[in-house]
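Everything below concerns the one structure shown next.
The values are calculated or read from the model by the stated rules, or taken from the named source; none is laboratory data. Because the structure is a prediction, the values reported are computed rather than measured. With ideal geometry, Cβ positions are generated from the backbone for all residues, glycine too; neighbour counts draw on all protein chains shown. All accessible areas refer to the heavy atoms of the entire protein, side chains included, with ligands and DNA or RNA removed. Shrake-Rupley method; radii C 1.70, N 1.55, O 1.52, S 1.80 Å.
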Amino acid sequence: MSTLWEEPGQASEAVSLMESIFANVSDAILVVDEAGVIVRANAALERMTGWTTEELIGKKHICELCLGMATCMEDSTCADCFFKQVQMPSFEMRLRTKDGREYPVTASSARLPEESKNKIVMIIRDLSVQQRTEKERNQYKLTHFAIQAQEEERKRIARELHDGVGQALYSILVGLNVIGQDNLTDPIKQHVNDLLQMTSKAMEEVKRMALELRPSALDDLGLLPALRSLMKRVEKSFHIQVEMHVQGEKRRYSAAMETALYRIVQEAMTNTAKYGKASQLGIVFENREKEVVVTVVDDGVGFDVEQALDAGKGLGLFGMRERAQLLGGTVDIRSAPDDGTTVIIRIPVPKEGTEDDHSRIGS
């Protein structure tokens, strides 16, 4: 309704604006008459349901689209339907599309003034995107928590192995050495020597397990020293020549970032050592201004990446990508049979002031 102070043309402009909003808004808007028949619908409802306005207006009843409201007790119910209410600011319902699909939407409804003959206007928003986003957010939080808990448990077990089992074995080794210095018969002396060797091997195994679980160098010295220690173990255990080249300023990053990079590189090197049949492995570590890029290349037999992922054999590959994604990064795995493997890791560097420590580290 126009007012006394409106200039000529303002009313028509307002109507034109409302029509433009009705036509272009991303939410679906429809008007139903007192019998429940759709009398107005915008383009968003067409996109949402698959029906054209010609198929909807005057031909479809609201109950042909609505499969019921969602409540805390039921996913779909017609009890206390919004159509019986004067106004419902927000509720969820199941929407049926032209091709028979059903998906959740959030809606609001209001009965128009009496002069509109009790028509009801409804605004509908696709909830499937929101639910998918919420699911992804919850999955992100769960994955982050699981990895964090895993690292804490690894650290605890590694400490227990080193300080508990390792120290106990060391005490046994010292005791056996003392016993071995006594005047013993040859059979007993041989038995003590055998025990010494077994205890020494057990100590080495405990040390190896503790390092695999959580290398102390990663916490005490940083990422690069921990990687160099890992390189030495891989060279010794698998007889692979490993080289690393570091480019750019050497510095410490956040604990989460250093742990993620270490674990991803560790997985790449382990895969090469166990399955790649490689003789050489190279690592290029680039400290760039806005990101860290680590490239791991081997001269092994390679593999079909997509086939490994599709066959469910790429759990390690999924884990590498998952760790990177948690920090906003990526892992690009390039390989082919008889063509070696290249793994490119990119992790963005947090902005100044958000890292735990920016101190330099030694080479």
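Annotations
- Residue in segment 51-60 that is part of a loop (DSSP other than H, G, I, E, B), open to solvent by less than 70 Å² (accessible area, probe 1.4 Å) and either among the basic types (Lys, Arg) or within 30 Å of Leu327 (Cβ to Cβ) (or both) present: yes
- Flag for Asn118 being modelled with pLDDT under 90 and either open to solvent by less than 50 Å² (accessible area, probe 1.4 Å) or not acidic (Asp, Glu) (or both): yes
- Those residues of segment 235-292 which are among the acidic types (Asp, Glu), out of contact with any strand residue (DSSP E or B) (no Cβ under 7 Å at 6 or more places or on another chain) and more than 18 Å from Asp219 (Cβ to Cβ), in sequence order: Glu267, Glu289
- When we screen Ser20, Ser16 for residues that are outside any strand (DSSP E or B) and either among the charged types (D, E, K, R) or over 43 Å from the mean Cα position of the chain (by Cα) (or both), the only hit is Ser16.
- Gly175 vs. criteria open to solvent by less than 70 Å² (accessible area, probe 1.4 Å), of a type outside the set (A, V, I, L, M, F, W, C) and at pLDDT 85 or above: yes
- Just one of the listed residues (Gly276, Gly282) is more than 24 Å from the chain's Cα centre (by Cα) and modelled with pLDDT of 90 or more, and it is Gly282.
- Residues that are open to solvent by less than 80 Å² (accessible area, probe 1.4 Å), under 30 Å from Leu30 (Cα atoms) and outside any helix (DSSP H, G or I) are absent from segment 180-187.
- Subset of segment 97-127 (residues that are free of Cβ contacts under 8 Å to residues at least 40 places away in the same chain and of a type in the set (Lys, Arg)): Arg101, Arg111
- Here Tyr140 does not fit the description of being among the aromatic types (Phe, Trp, Tyr), touching a helix residue (DSSP H, G or I) at 6+ places or on another chain (Cβ under 8 Å) and open to solvent by less than 70 Å² (accessible area, probe 1.4 Å).
- Boolean, Val31 is more than 17 Å from Pro113 (Cα to Cα) and modelled with pLDDT of 90 or more: no
- Scanning segment 144-172 for residues that are among the hydroxyl-bearing types (Ser, Thr, Tyr) and either open to solvent by 80 Å² or more (accessible area, probe 1.4 Å) or at pLDDT below 80 (or both) turns up just one, Tyr170.
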